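This report concerns only the one structure given below.
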Amino acid sequence: MKISHADVLVTSPGRNFVTLRITTDDGVVGYGDATLNGRELAVAAYLSDHVVPLLTGRDPHRIEDTWQYLYRGAYWRRGPVTMAAIAAVDVALWDIKAKVAGLPLYQLLGGASRKGALAYGHASGFDLEALFDSIRAHLELGYRAIRIQTGVPGLDSVYGVSASTQIGKRYDYEPAQRSAVPSEEQWDTRAYLRHLPAVFEAVRNEFGPELPLLHDGHHRMTPIQAAKLGKALEPYDLFWLEDCTPAENQEALRLVRQHTTTPLAIGEIFNTAFDYQTLITEQLIDYVRSAVTHTGGITAMKKLFDFAALYQIKSGIHGPTDISPVGQAAALHLDLAIHNFGIQEYMRHSPETLEVFRTSYTFTDGLLHPGDTPGLGIEYDEALAEKFPYDPAYLPVNRLLDGTVHDW
Ligand code: GCO
Ligand code: MG
């Protein structure tokens, strides 16, 4: 069996996605997600110009060899563009292998370790009333774990709640907007730190002690600020506090860890296991947040989770809507199979997205299941996809109140 050709498919049904489709000489087709929010065309070009020409004629079953060939063979390693491109090839090859075997992909990864993957959704509201309504709506949808984000007094727009409407229109359900340049948001960490504990107190008073609650700090705090927040949130028993610091400086998390027992999740912007080396070996985090799409695919993620498992660290795979249904399906097969599963993010794609990408995954009683269709369980409607041409969209840029650019 040989790879006969591969196509890079760019579409925008509600938001922009890049998909790699690999076809074998006997007509088996595999899909991989290569979407990098706000930098989509860089990955599309990397694939079309430098990866697709290398795939023709290769044996699609040699997944590990192809992964190493693209990673080591490029000489220039790592980085979000390279690793998203490698991920797309890797996931497409796993899709092909599982289709040839006639099995859902999770069976090739060791089989099911659980009934389904506990999912968390995103509740948000500028004020408490809106937040409570959003939590209730998520509970009605069947979610059994919920991330909460609110407004901060004095700030007009805050990550996770609502996008500023200064430029372009709001784009799908997330902060990126369709526009030629990014919008700008404001930030004040001290105001946020003063406000957030009271939000958690109110939510616990209203919804009780059992509901798993999560929160995303989105890389905005210094280590000592993160330590302070983790400590202040301890009475509210968070499932996790996510991305409390930018975390490129892995040693910085020692300080956070010394001061708080609030569980920590990090890694959605990381792209290799090396980004986690200190965090994992020193047990400075509790959950690995990488996306299959941005961290080299199934092959790399399985190794990363096995490494984390040695240190009792669990998975919390990144699953916002900027991961396509292909990337989400890949995550669900891993979630079902690995032993150290923690939780899966599930934001839900728009109806337009789900018409282009038809999925076999299900959400029942708060648990996601990848389905039992051979392969990943994704079909791509190319004719429909072509009706949604690429349209630029960017995540916002963040500034402190004095104008200084800050982590978004
Ligand atoms: C999350 C993330 C997303 C990111 C988005 C950027 O936890 O889901 O923080 O909301 O902001 O993926 O493209
Ligand atoms: Mg996040």
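The values are calculated or read from the model by the stated rules, or taken from the named source; none is laboratory data. Since the structure is predicted, the reported quantities are computational estimates derived from the model, not experimental observations. With ideal geometry, Cβ positions are generated from the backbone for all residues, glycine too; neighbour counts draw on all protein chains shown.
Among residues that are out of contact with any helix residue (DSSP H, G or I) (no Cβ under 6 Å at 6 or more places or on another chain), in the same structural domain as I323 (by TED's automatic domain parsing), over 11 Å from A329 (Cα atoms) and not polar (S, T, N, Q), E382 is not included.
The criterion of being closer than 21 Å to L395 by Cβ and modelled with pLDDT of 95 or more holds for R147. Look at segment 300-328: where a residue is without any contact (Cβ under 8 Å) to a residue 60 or more places away in the chain and a partner is basic (K, R) and buried (at least 24 other Cβ atoms within 10 Å of the Cβ), sitting 6+ places away or on another chain with Cβ atoms under 8 Å, you get I317/R289; H318/R289.
In segment 281-333, the qualifying residues are those that are buried (at least 24 other Cβ atoms within 10 Å of the Cβ) and of a type in the set (D, E, K, R), and the one that is farthest from ligand 1 (Cβ to nearest atom) is R289. Has segment 334-349 got at least one residue that is farther than 27 Å from V28 by Cα and free of Cβ contacts under 8 Å to residues at least 40 places away in the same chain? Yes, segment 334-349 has at least one match. All of (1) of a type in the set (D, E, K, R); (2) under 26 Å from G327 (Cα atoms); (3) in a helix (DSSP H, G or I) hold for R257 with one exception: (2). Taking A232, is it among the small types (G, A, S) and surrounded by fewer than 16 Cβ atoms within 10 Å (Cβ to Cβ)? Answer is no for this residue.
Among the conditions (1) surrounded by 17 or more Cβ atoms within 10 Å (Cβ to Cβ); (2) in a loop (DSSP other than H, G, I, E, B), the only one that H339 does not satisfy is (1).
Considering each of L20, L47, L36 in turn, give the residue that is of a type outside the set (K, R), part of a strand (DSSP E or B) and crowded, with 17+ Cβ neighbours inside 10 Å. That would be L20, the only listed residue that is of a type outside the set (K, R), part of a strand (DSSP E or B) and crowded, with 17+ Cβ neighbours inside 10 Å. Quick one: would you say I266 is in contact with a helix residue (DSSP H, G or I) (Cβ under 7 Å, 6 or more places away or on another chain), within 13 Å of ligand 2 (Cβ to nearest atom) and under 26 Å from Y120 (Cα atoms)? Considered against the rule, which asks whether it is in contact with a helix residue (DSSP H, G or I) (Cβ under 7 Å, 6 or more places away or on another chain), within 13 Å of ligand 2 (Cβ to nearest atom) and under 26 Å from Y120 (Cα atoms), I266 comes out as yes. Total residues in segment 352-399 satisfying the condition of being part of a loop (DSSP other than H, G, I, E, B) and among the aromatic types (F, W, Y): the figure is 3.
Of all the criteria given as (1) assigned to a loop (DSSP other than H, G, I, E, B); (2) within 15 Å of ligand 2 (Cβ to nearest atom), the one not satisfied by E210 is (2).
Condition check ((1) away from ligand 2 (no atom under 16 Å from the Cβ); (2) of a type in the set (V, I, T); (3) touching a helix residue (DSSP H, G or I) at 6+ places or on another chain (Cβ under 7 Å); (4) closer than 27 Å to A123 by Cα) across all residues:
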| residue | (1), (2), (3), (4) |
| --- | --- |
| Q225 | yes, no, yes, yes |
| Q250 | yes, no, yes, no |
| V256 | yes, yes, yes, yes |
| Q283 | yes, no, no, no |
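Considering only residues in segment 103-124 that are out of contact with any helix residue (DSSP H, G or I) (no Cβ under 6 Å at 6 or more places or on another chain) and part of a strand (DSSP E or B), the one that is nearest to I298 (Cα to Cα) turns out to be P104. Given the criteria assigned to a loop (DSSP other than H, G, I, E, B), assigned by TED's automatic domain parsing to the domain that holds G267 and more than 16 Å from ligand 1 (Cβ to nearest atom), does L238 qualify? Against the criterion (assigned to a loop (DSSP other than H, G, I, E, B), assigned by TED's automatic domain parsing to the domain that holds G267 and more than 16 Å from ligand 1 (Cβ to nearest atom)), L238 does not qualify. Tell me, which residue of segment 372-408 that is of a type in the set (S, T, N, Q) and surrounded by 17 or more Cβ atoms within 10 Å (Cβ to Cβ) is farthest from L36 (Cα to Cα)? Only one residue tops the list, namely T373. Within segment 338-356, identify whether any single residue is closer than 27 Å to T82 by Cβ, within 16 Å of ligand 1 (Cβ to nearest atom), of a type in the set (V, I, T) and touching a strand residue (DSSP E or B) at 6+ places or on another chain (Cβ under 6 Å), and answer yes or no. There is no residue in segment 338-356 that is closer than 27 Å to T82 by Cβ, within 16 Å of ligand 1 (Cβ to nearest atom), of a type in the set (V, I, T) and touching a strand residue (DSSP E or B) at 6+ places or on another chain (Cβ under 6 Å).
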